Amino acid sequence: MSASSSASPVVLYDILPDTRQPGRRPYALLPNPWIARLVLKAKRIPFVVRPITTHALRATGPGSFRDRFGDALGTHGRPLIPIIEHNGRLVGDNMTIADYLDRQFPHSPSAYLPELTGEQAASARNQTAYELAYHTARQSRNLAISGHADLVYVQLTERFDPEQREWMRSDEKIGAPGAWQQILNKNRADAIAETRVFLRMYFSILNPLPHPRVEGTSPASDPSALASLISQPDRSRVGGSEEVAKPRLFLSSPTQPGFLDFTMFGWFLFTYINDRPLNEAIWAESSDTARAWLEHEYKAGQDRLQGEDCKQGHWAGDIPLVGVPQWAERMLSLYDDYTRKIVAGEVIEGEPTSL
């Protein structure tokens, strides 16, 4: 731990959505602050959460977030959640926060290569692995936003008080002319299919590759013959003998979650907290749940599947998300059920006792 890291506690700013019901929990509705929370938990860095409204985030004048960030606001021109404060300095954006914490707490697990410390991950020896993990996490963050946001943004904004809700639905906030109407008009069947395809692309890492095609071998009848020709992804040599490796548990590493897991889980929680049936439609292993949601739950079947898509296996969303529900359960259980407790409305260490 660096000398500066322990000088003051870390404060994490999150949004309080409804000032009319200040005690309402869970109040943590947005995906990006969840990512920062979990990076802090993974690093075992004590922190306190300080809820603020969107008014405070947009305020101007001396001492405001906008004033303190100054030229560091970037292209958006306004502060964006999450923000942490450490040693009197504001740090914004999840990846910037992760980078900052890796440097300030170099002996804690790396945000991107969590089986190493931040110091080890940044060494020249691990440069290629680190850069690959970093850019994979960055790409996943950009891709994860559109599908999930379109599907659950209406439900999210319903949980804000009227004044903040107006801002949340504004073109300025969403970032494009007529954006709110575009969200309302988005075909939910298309959005769910796009999201499930995206998820399979990243979660395929949890599942071993199928046996390659090699003439003269048959995995079913003689797996040892194939193993002698090509290295098996699900086996490892330990102490000179072959042992079956344990299943991969997380995306960022086989045994420990990292930034890629936290990004995906932040978007999982976005729907899990704001619309549980939609969450199950998106994240279930089988597409049957999504088909039922489109047929019976979303606006009386307004976006139900049509034509050839009605046939099993013909809709783009008809892909299995193998291992994804089990991964989600592991994530919910991390750090002594940290996420489950907050979602259930418990007041735990670091959480505000009053809202």
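Things to note:
- Matching helices (runs of 4 or more DSSP H) fully within segment 13-69 where at least 3 residues are within 29 Å of Ser140 (Cβ to Cβ) and in contact with a helix residue (DSSP H, G or I) (Cβ under 6 Å, 6 or more places away or on another chain): 31-42
- Screening Ala36 against (1) in contact (Cβ under 8 Å) with a residue 60 or more places away in the chain; (2) more than 25 Å from Thr263 (Cβ to Cβ); (3) of a type in the set (Gly, Ala, Ser) leaves a single unmet condition, (2).
Every residue, every condition in (1) of a type in the set (S, T, N, Q); (2) within 20 Å of the chain's Cα centre (by Cα), yes or no:
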| position | (1), (2) |
| --- | --- |
| Leu116 | no, no |
| Arg159 | no, no |
| Gln164 | yes, no |
| Arg169 | no, no |
| Pro177 | no, no |
| Arg188 | no, no |
| Thr195 | yes, yes |
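- Counted residues, segment 146-171 - those being more than 23 Å from Arg20 (Cβ to Cβ) and surrounded by fewer than 15 Cβ atoms within 10 Å (Cβ to Cβ): 2
- The criterion of at least 3 residues that are within 21 Å of Arg44 (Cβ to Cβ) is met by the following helices (runs of 4 or more DSSP H) wholly inside segment 78-180: 94-104, 118-121, 127-157.
- In segment 262-300, residue nearest to Tyr202 (Cα to Cα) [restricted to those that are β-branched (Val, Ile, Thr) and crowded, with 23+ Cβ neighbours inside 10 Å]: Thr263
Let's see how each residue does on (1) touching a strand residue (DSSP E or B) at 6+ places or on another chain (Cβ under 8 Å); (2) over 30 Å from Ala129 (Cβ atoms); (3) in a helix (DSSP H, G or I):
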position	(1), (2), (3)
Arg248	no, no, no
Leu251	no, no, no
Pro254	no, no, no
Pro257	no, no, no
Leu260	no, no, yes
Thr263	no, no, yes
Trp267	no, no, yes
Tyr272	no, yes, yes
Asn279	no, yes, yes
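- Number of residues in segment 60-99 that are touching a Lys or Arg at 6+ places or on another chain (Cβ under 9 Å) and hydroxyl-bearing (Ser, Thr, Tyr): the value is 2.
- Whichever residue in segment 321-349 is within 23 Å of Phe203 (Cβ to Cβ) and without any contact (Cβ under 8 Å) to a residue 40 or more places away in the chain and, among such residues, is surrounded by the most Cβ atoms within 10 Å (Cβ to Cβ): Leu332
- A search for C-beta distances below 6 Å between a residue of segment 118-131 that is within 18 Å of Tyr100 (Cβ to Cβ) and any residue that is of a type in the set (Lys, Arg), counting only pairs 6+ apart in sequence or on different chains, returns nothing.
- Annotation note: of Ala28, Ala3, the sole residue that is at pLDDT below 95 and within 17 Å of the chain's Cα centre (by Cα) is Ala28.
- Flag if Gly77 is in contact (Cβ under 8 Å) with a residue 40 or more places away in the chain and not aliphatic (A, V, I, L, M): no
- Flag if Pro82 is buried (at least 16 other Cβ atoms within 10 Å of the Cβ) and touching a residue at least 60 places away in the same chain (Cβ under 8 Å): yes
- Yes/no for Phe47 being touching a residue at least 12 places away in the same chain (Cβ under 8 Å), surrounded by 13 or more Cβ atoms within 10 Å (Cβ to Cβ), in contact with a strand residue (DSSP E or B) (Cβ under 6 Å, 6 or more places away or on another chain) and over 17 Å from Gly258 (Cβ atoms): yes
- Positions within segment 95-117 being surrounded by fewer than 20 Cβ atoms within 10 Å (Cβ to Cβ), among the acidic types (Asp, Glu) and free of Cβ contacts under 8 Å to residues at least 60 places away in the same chain, in sequence order: Asp99
- Test result for Arg66, under 23 Å from Met168 (Cα atoms), basic (Lys, Arg), touching a Phe, Trp or Tyr at 6+ places or on another chain (Cβ under 6 Å) and surrounded by fewer than 22 Cβ atoms within 10 Å (Cβ to Cβ): no
The values are calculated or read from the model by the stated rules, or taken from the named source; none is laboratory data. Just so you know, these numbers come straight off a predicted model, no measurement behind them. Neighbour counts are summed over all protein chains in view; Cβ atoms, including those assigned to glycine, are modelled from backbone coordinates with ideal geometry.
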